[in-house]
Each structure stands twice: as C-alpha cells, then as structure tokens.
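Following: one structure in structure tokens, then a few remarks.
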Amino acid sequence: MKIVSLTNAQVAMGLRLGGLKECYVAQDPEESGNLLLELSSDPETGILIVDDAIARFHHKLINDIRASKRTFPIIVEIQTVAQTTAIAGTDPLQDLIKRAIGVDISADKGKDSLPSQL
C-alpha cells in the first residue's frame with residue numbers, strides 16, 4: 001500500500017518535505033477530477049490525501065468513491081493554509097481532535113489541574 005496526495009503546490013511541497021514520495025499537484029481543482037478518479041482506482045493506493053479545494057469541488061465524486069464496496073483508498077481531506085481562518089480564542093487543532101474523538105481532552109487554562117488542599 002502507498003500514500004498518495006493530490007493537492008496544490010504549496011501543500012505538495014510540505015508533504016514532500018515530510019517524506020511523501022507520490023505528490024501530484026493540481027493546478028486547477030476543477031480539472032483534477034480525472035486524476036482523482038485515476039489515483040483512487042489504483043489498487044496500490046491505500047491513503048489518498050486531497051486538499052479542501054479539491055474536496056469541495058469534487059464532493060460527489062469523493063462520496064461515490066467512499067460509498068463503493070472497496071476498503072481502500074481511504075480519502076483524507078486536509079485544510080490548506082489559505083483556507084484556515086481561526087476564530088479568536090479557538091484552536092483549530094483542538095477542535096479537530098474534539099470532533100474526531102468526541103471528547104474535549106484539554107485542561108481548562110483558568111482552573112488548577114490539582115485539587116486544592118483544605
């Protein structure tokens with residue numbers, strides 16, 4: 001199994017620096033549908049990473065791929081830097097973890113983590 005990405009040039013560079021070898025750059029999200037279908041049809045592809053622009057534009061195609069009877073590829077959508085707009089006072093990573101596991105695991109910053117002694 002291999003990990004493959006289909007993202008914009010900036011994200012592809014970051015993934016390459018992280019050690020990912022098969023990074024495909026989508027110049028235009030609208031024209032990346034055929035490549036998305038080709039990469040997802042490859043039996044060696046285990047994880048397919050796509051950026052949020054491609055995922056938004058090809059939402060129906062990605063849902064069809066996920067709904068197929070095949071187990072792989074697992075399609076992972078990542079949020080690009082250009083689309084990241086954090087609301088003041090929120091942590092996007094903390095929110096992602098909370099949504100993934102269903103529980104907020106962070107400690108309150110205003111409260112002591114140890115019980116007070118009487």
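The values are calculated or read from the model by the stated rules, or taken from the named source; none is laboratory data. All values reported here derive from a predicted model rather than from experimental measurement. We place every Cβ from the backbone using ideal geometry, glycine too, and count neighbours over all the protein chains shown.
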Is there a residue in the range 39-55 that is part of a helix (DSSP H, G or I), under 18 Å from T80 (Cα atoms), out of contact with any Ser or Thr (no Cβ under 8 Å at 6 or more places or on another chain) and at pLDDT below 95?
yes
Within the range 1-22, of all residues that are more than 19 Å from T71 (Cβ to Cβ) and under 14 Å from the mean Cα position of the chain (by Cα), the one surrounded by the most Cβ atoms within 10 Å (Cβ to Cβ) is L6
From the option list L35, L96, single residue qualifying as in a helix (DSSP H, G or I), at pLDDT 90 or above and not basic (K, R) is L35
Only one of (1) more than 15 Å from I74 (Cβ to Cβ); (2) under 14 Å from the mean Cα position of the chain (by Cα) does not apply to I47, and that is (1)
Residue count, the range 1-32, condition small (G, A, S), over 16 Å from E77 (Cβ atoms) and assigned to a helix (DSSP H, G or I), comes to 1
